[in-house]
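Asker: My structure is below; once you've seen it, I'll send some questions.
The values are calculated or read from the model by the stated rules, or taken from the named source; none is laboratory data. Predicted, not measured: the structure shown is a model, and the values here were computed from it. Neighbour counts run over all protein chains shown; Cβ positions are idealised from the backbone, glycine included. To get the accessible areas, we keep the full protein, side chains included, count just its heavy atoms, and leave off ligands, DNA and RNA. Shrake-Rupley method; radii C 1.70, N 1.55, O 1.52, S 1.80 Å.
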Amino acid sequence: GVQLAGGVPVPLYPPFRLEQVEEHMRRHQGILDNCAASIMITLPEAKLYAKLLKSLVIALRDVVTVRELTSKSILFNEPVLGGQDLAFLQYTSGSTGNPKGVAVSHANLLANVRAIGDSLRARSHDVVVTSVPLYHDMGLIVGWFCPLYYAAPTIIMSPLEFLARPHRWLQAIHRSRGTISAAP
């Protein structure tokens, strides 16, 4: 959707605990400033925090939810994208300094997906089970893009559910007859 609107997606991770909000706001402000984000799409539960970021990030013009976007009739010109065009910007966690953006082209993404698929011998009859969050590079590539590319069904567990009760991950693999799953 972001690409269809002419933008470049930049996945951000949410704060998990209330006491982390200030630290995450600083990191997110740095990321949004660095990539010069003009629109932020967020969850309704995080919109208040996102609006605070809007007041801190000069380029950020609007903060919206998916529901707000889909409730409007928006006209756009479908972009023509090539292999060297940006698929998304993936930012590091910033655990050793400020988060740094990594530009991932469509060609890079496809090469990565194909390499993973080849090594796993992935096929459309596989079932992927993941608890790795989609804003994490492994979650995004293995848990989202690989199943899309190979047309494989995907079970996406909440990362918090996995952290609270890791055995549910194994139960999900068993229940869904999962054949591919990423593990820490």
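Asker: Among the residues of segment 75-84, is there at least one that is open to solvent by 100 Å² or more (accessible area, probe 1.4 Å), of a type in the set (A, V, I, L, M, F, W, C) and at pLDDT 80 or above?
Answerer: Looking for residues that are open to solvent by 100 Å² or more (accessible area, probe 1.4 Å), of a type in the set (A, V, I, L, M, F, W, C) and at pLDDT 80 or above, one finds at least one in segment 75-84, hence yes.
Asker: Starting from segment 4-19, take each residue that is open to solvent by less than 60 Å² (accessible area, probe 1.4 Å) and among the aromatic types (Phe, Trp, Tyr) and list its partners that are part of a loop (DSSP other than H, G, I, E, B) and modelled with pLDDT of 80 or more, counting only C-beta distances under 9 angstrom and pairs at least six apart or across chains.
Answerer: Tyr13/Pro133; Tyr13/Tyr135; Tyr13/His136
Asker: Turning to a different aspect of this structure: Residues in segment 65-78: is at least one under 20 Å from Leu109 (Cβ atoms), in contact (Cβ under 8 Å) with a residue 60 or more places away in the chain and under 19 Å from the mean Cα position of the chain (by Cα)?
Answerer: no
Asker: Can I ask one more? Considering only residues of segment 49-64 that are open to solvent by 90 Å² or more (accessible area, probe 1.4 Å) and assigned to a loop (DSSP other than H, G, I, E, B), which is farthest from Gly6 (Cα to Cα)?
Answerer: Ile58
Asker: If you go through segment 157-164 one residue at a time, do you hit one that is among the aromatic types (Phe, Trp, Tyr), under 28 Å from Gly7 (Cβ atoms) and open to solvent by less than 70 Å² (accessible area, probe 1.4 Å)?
Answerer: No, segment 157-164 contains no residue that is among the aromatic types (Phe, Trp, Tyr), under 28 Å from Gly7 (Cβ atoms) and open to solvent by less than 70 Å² (accessible area, probe 1.4 Å).
Asker: Taking the criterion of being open to solvent by 50 Å² or more (accessible area, probe 1.4 Å) and over 23 Å from Val132 (Cα atoms), would at least one residue in segment 35-45 satisfy it?
Answerer: Yes, segment 35-45 contains at least one residue that is open to solvent by 50 Å² or more (accessible area, probe 1.4 Å) and over 23 Å from Val132 (Cα atoms).
Asker: To continue, here is another question. Restricting to segment 65-124, what's the tally of residues that are in a helix (DSSP H, G or I) and either over 19 Å from Tyr135 (Cα atoms) or hydroxyl-bearing (Ser, Thr, Tyr) (or both)?
Answerer: The qualifying residues number 12.
Asker: Can I ask one more? Of Ala107, Ala111, Ala115, Ala151, which residue is touching a Ser or Thr at 6+ places or on another chain (Cβ under 6 Å), open to solvent by 30 Å² or more (accessible area, probe 1.4 Å) and farther than 19 Å from Ala5 by Cβ?
Answerer: Only one candidate qualifies: Ala151.
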